[in-house]
Every structure is written in structure tokens, then in C-alpha cells.
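The values are calculated or read from the model by the stated rules, or taken from the named source; none is laboratory data. Not measured: the values here are computed from a predicted model. Because the Cβ atoms are built from the backbone with ideal geometry, glycine has one as well, and the counts that use them run over all protein chains shown. Ligands, DNA and RNA are excluded from the accessible area calculation, which covers all protein heavy atoms including side chains. Shrake-Rupley method; radii C 1.70, N 1.55, O 1.52, S 1.80 Å.
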Amino acid sequence: FGVACCPGNITRFMASVPGYVYAQQGDKLYVNLFVGSTGEIKLDNGRTVKLTQETRYPWEGAIKLTVNPDRAGSFTLNVRIPGWARNEAAPSTLYRFADTTNETATIKVNGKAAPLKLEKGYAALTRSWKKGDVVELSLPMPVRRIVANEQVGADRGRVALQRGPLVYCAEWPDNPEGRVRNLVLPDSAALAAEFNLSLLNGVTVLKSKAVGLSFDAQGKLLKQEQEFTAIPYYAWANRGRGEMLVWLPNSEANARPRPYPTIATTSTVTTSNRPRLDPRRVNDGEEPTASNDPGSYFDWWPRNGTTEWLEYAFAKTATVSEVQVYWFDDTGRGGVRVPQSWRVLYKDGNEWKPVENTEAYGVAKDQYNRVGFKPVTTSGLRLEVTMQPNVSGGVQEWKVK
């Protein structure tokens, strides 16, 4: 992996996990995380307590704690009750659950219900403990929709999905035609959870019905009900490059309908050097709102000041005479700018030859830069892009006519 900090962070984190799961202060013992495990914790009064957790969390909300002090006596066992189990999506006004639920966490000690008295998010159980005492925590796990604060413009008209502690996403391999950015998940659509042992080493997925949007040849919006599947967010990007979405539109206004197939959208895209981003973003048919639109772009960063290329291999030979390029430029945020210059080449046999352009090659931001040229019959086109010195270059969308 190219970023050297990640392996070190992972190994350091794994060694730190026990200290995150359990904690101790004075004669108080804390269970912070729910992990099948055994831990021995020494309290300030000299007592050592062995705790054993049995659970299928995060897939199920049942947690069994067996308490084995080295000698019987009184101390406080604090069991964390997560915010999501208390109708709190986040400890702020940034996110909230779109609905409410009457399902609540319950706790038992040796089979008898115990009062759920919360102290700073923990159920405090103070009693005289002896070997073999059992605490059973049950956390409700309905599927919930989350909405963002109205001031988060990118998330307006969208919902995220959560079950238990896990946020979910829709990923391309699980949904029809390998697309998710054109989906609408209506608020009325029922969501069901089911465990799939054969998927991604075993995960609980969410199932529902969504509406797929697309345009026909005349630009009319088409709607098709289809199967919908969401996977835990942590598990995405294990099955190849493609679309993924966390914040799902719940209205048509926020979805990106699948474009009608064109020469460009049906082409195979390749690029110079090893790309950091999927080059298929340049022909996904999604219209950018501006050159700095972060929704779906391609760039050659961190390569600076070089000449690079993008190629379309057409699905079949075609006669073409125009391209339109919408440049990516993240001035003020990153190191990508419109190019210094560029040109179009067409494939003639095994050679790439420049087209005879009838218009200048434009590098304007926030618009398509159109270039007409003498018609050529070819199996593919290439954009050859020369970057400005000390910066990189990129493309939002590339159309062909």
C-alpha cells in the first residue's frame, strides 16, 4: 500500500484493542466495547476480576458477560449503552434518526431484570459480585434511516442507513447493472436485514426495493423498481472498482439518472500511468455542476507538469467530428488545475494521429470546452493533456459526437 503510515497504524491499533474494550478506575470496572473476549482487570482495592464476553455483535445485539472476581465482594460494573441504542445518532445536532423507536436496551443479572440507570452513557451495576455471576445485555437492532443537519447541503434530500453500530452503503456488485448513483430509496420502502455467510466473510446485508432512474433517447426520465442491497460500509472496495453510495436519495431531484448510451459512455477507458482514481468517471454521463465538483472526476495527481493521456476504445467503429471536455480544477482545495494545452488524436490502424481541428482547444473552467474537427472514422480517440508547471490535471467529463 502506497501510504507508509497505514501498516504502522494498524499494528499499533491491534495492540491497543484490550485497553479500548475494558477500563478501570478505583473500584469501578468498565465494559466499553462488545467483543468476544476474556480479560483480567485489577481494581485499586487489589481485587482481580476476570470478565468473559460472548456475543455475535455487531450482527446481533445480545451480549453475555460472565463475571469471575478472585474473591466475592462489592464493586461497580459499568456497561456502556451506545448512543444509537438510546435514539441518538450522534452526540451533536449533525445527524439524527429520521424516525423513533420504542425498542430499548435491557439488562439482566443472573436472569433477573436490572434497572437501567444510566450514568454518562453507562449502566452502572453496583452489587456484591461472586464467581459465575452473569450479565446479559440486549441491544435493539432495527434498521434506521439517518438524516443530516439541514446546513449540510450535500446531504439534503438523502438518507443514510444504520443497523446497530454499523452504517451501510450501496455498492455496485450488489445492485442491478452495477449502478447505485441513479437510485432512489423511498421513505416508504421497507428495509429487512439478513445474514449472508458467503458474502465478504459473512455480513448482515439490508434488502429493500429502490427505483432506478434513467433517460431514454429523447431525454425522458424512466423509472424502474428494482431490488436493492446495502452492505456494511467497512466492507466496501473489496470486489473491484465501481460505484458506491452512503447518502441515498429519497427523492428523484437528488438522484443522478443513468444516461442514454452514447459513443462515449459505451467506450472502454484507459489512461497513462497507474491511476489513483477510476478513469471510467470521465464517461459516466454525470453532469458536473462546476470544475471543482467533487462528485465524480478523474485526475493524474500527484503527477505534476507532465503530459498524460486518456483513451476511448469505442464499442464499434464510428465516424466522429467533435469532442467536449469539462476540466477538473480544485483551486483552493487541492493541486489540480486546467491544463496548459491539449489535443485530440484518433486511432488509424495501430497509429495515433492528430485530428484536423477547426476550433481552438479551450481550457475554460466551469463549462464544456468544445472542439470540432474534420470527420474521422476510427475505433478510438485519445486526449493528450499537458499540465501546467508544478500542478496536476484532471477531467470531469468527456463527450464525443
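Taking amide H atoms as placed 1.01 Å from N in the peptide plane, list the residues 5 or more away in sequence, or in a different chain, whose amide H sits under 5 Å from that of SER291.
Sorted by chain and number, the residues that satisfy this are ASP366.
Rounded to the nearest 10 Å², what accessible area does ILE263 show when all protein chains are kept and the probe is 1.4 Å?
Rounded to the nearest 10, the figure is 50 Å².
Could you list, bin by bin from short to long, the percent of Cα-Cα pairs of the range 281-401 in 10 Å steps?
14, 46, 32, 7, 0
Once R0 is set to 30 Å, what does the formula 1/(1 + (r/R0)^6) return for the Cβ-Cβ distance between ALA193 and ALA237, expressed as a FRET efficiency to the nearest 0.05?
Details: r = 22 Å, r/R0 = 0.73.
Calculated transfer efficiency: 0.85.
Over the chain, what is the percentage of antiparallel beta bridges among all DSSP beta bridges, to the nearest 5? Mind dumping the intermediate values first?
On the way: 108 of 114 bridges.
Taking every DSSP beta bridge with both residues in the chain, the antiparallel ones total about 95 percent.
Ranked by accessible surface with a 1.4 Å probe, highest first, in what order do TYR346, TYR234, TYR326 come?
TYR234, TYR346, TYR326
So which aspartates and glutamates can LYS401 reach, going by Cα to Cα under 14 Å and dropping same-chain residues fewer than 8 places off?
The qualifying aspartates and glutamates are GLU322.
What number comes out for accessible area per residue over the range 90-161 if the probe is 1.4 Å? Units Å², please.
59 Å²
Where only protein heavy atoms count, and the probe is 1.4 Å, what is the accessible area per residue for the range 283-360 in Å²?
Value for the range 283-360: 48 Å² per residue.
What aspartates and glutamates could a cross-link reach from LYS28, if we take a straight Cα to Cα line under 18 Å and drop same-chain neighbours fewer than 8 places away?
LYS28 reaches GLU40, ASP44, ASP70, GLU119, ASP133.
Could you give the size of the charge dipole of the range 242-401 about its Cα centre, using +1 on the Cβ of each K and R and -1 on the Cβ of each D and E, expressed in debye and rounded to the nearest 20?
Working: 19 positive and 20 negative charges, 55 e Å.
The dipole of the range 242-401 has a size of about 260 debye.
Using C-alpha positions alone, give me the convex hull volume of the range 249-347 per residue in cubic angstrom.
133 Å³
Report the label-to-label distance for SER321 and SER74 in nanometres (one decimal), using points 7 Å from each Cα along the Cα→Cβ vector.
9.4 nm
Can you tell me which lysines have their Cα less than 22 Å from the Cα of LYS209? Leave out same-chain residues fewer than eight positions away.
Within the straight-line limit of under 22 Å, LYS209 reaches these lysines: LYS223.
Using a 1.4 Å probe on the protein heavy atoms, what percent of the accessible area of the range 111-255 belongs to carbon and sulfur?
On the range 111-255, the fraction of accessible area on carbon and sulfur atoms equals 50 percent.
I want the local charge near TYR122. Using Cβ-Cβ distances under 12 Å, sum +1 for each Lys or Arg and -1 for each Asp or Glu among the other residues.
+4
Could you give the radius of gyration (one decimal) and Dmax (whole number) of the Cα atoms in the range 122-197, in Å?
Rg and Dmax of the range 122-197, Cα atoms, are 19.2, 60 Å.
Heavy atoms of the protein only, probe of 1.4 Å, neighbouring chains included. What is the accessible area of ASP366 in Å², nearest 10?
Solvent-accessible area, nearest 10 Å²: 90 Å².
I need the P(r) histogram for the chain: all alpha carbon pairs, bin width 10 Å from 0 out to the longest distance, whole percents.
Binned Cα distances yield the sequence 4, 18, 22, 20, 15, 10, 7, 3, 1, 0.
Tell me, what is the per residue accessible area of the range 17-66 in Å², probe radius 1.4 Å?
Working: 2440 Å² over 50 residues.
Result: 49 Å² of accessible area for each residue.
From the helices alone, meaning DSSP H stretches of at least four residues, give me the mean residue ellipticity at 222 nm for the chain, per-run term -39500 (n - 2.57), in deg cm²/dmol to the nearest 500.
-1500 deg cm²/dmol
What are the ³J(HN,Hα) values, in whole Hz, obtained from phi via the Karplus relation 6.51 cos²θ - 1.76 cosθ + 1.60 with θ = phi - 60°, for each residue of the range 45-59 in sequence order, with x given for Gly and Pro?
Result, rounded to whole Hz: 7, x, 6, 10, 10, 9, 10, 10, 9, 10, 6, 10, 4, x, 7.
Sequence gap at least 6, Cα distance under 8 Å: using those rules, report the relative contact order of the range 14-80 to the nearest whole percent.
Relative CO of the range 14-80 lands at 30 percent.
Note down, for the range 22-151, the three equivalent ellipsoid semi-axes (square root of 5 times each alpha carbon gyration tensor eigenvalue), biggest first, whole angstrom. It would help to have the intermediate numbers written out before the result.
Working: eigenvalues 182, 45, 32 Å².
Result for the range 22-151: semi-axes of 30, 15, 13 Å.
Could you look at the range 278-401 and say what percent of its accessible area is carbon and sulfur, using a 1.4 Å probe and all protein chains?
That fraction is 45 percent.
How much accessible area does SER138 have with a 1.4 Å probe, in Å² rounded to the nearest 10?
Here the residue's solvent-accessible area equals roughly 60 Å².
Using each residue's phi in the range 179-188, evaluate 6.51 cos²θ - 1.76 cosθ + 1.60 at θ = phi - 60° and report the 3J(HN,Hα) Karplus result to the nearest Hz, with x for Gly and Pro.
Couplings: 10, 9, 6, 9, 8, 10, 10, x, 4, 7 Hz.
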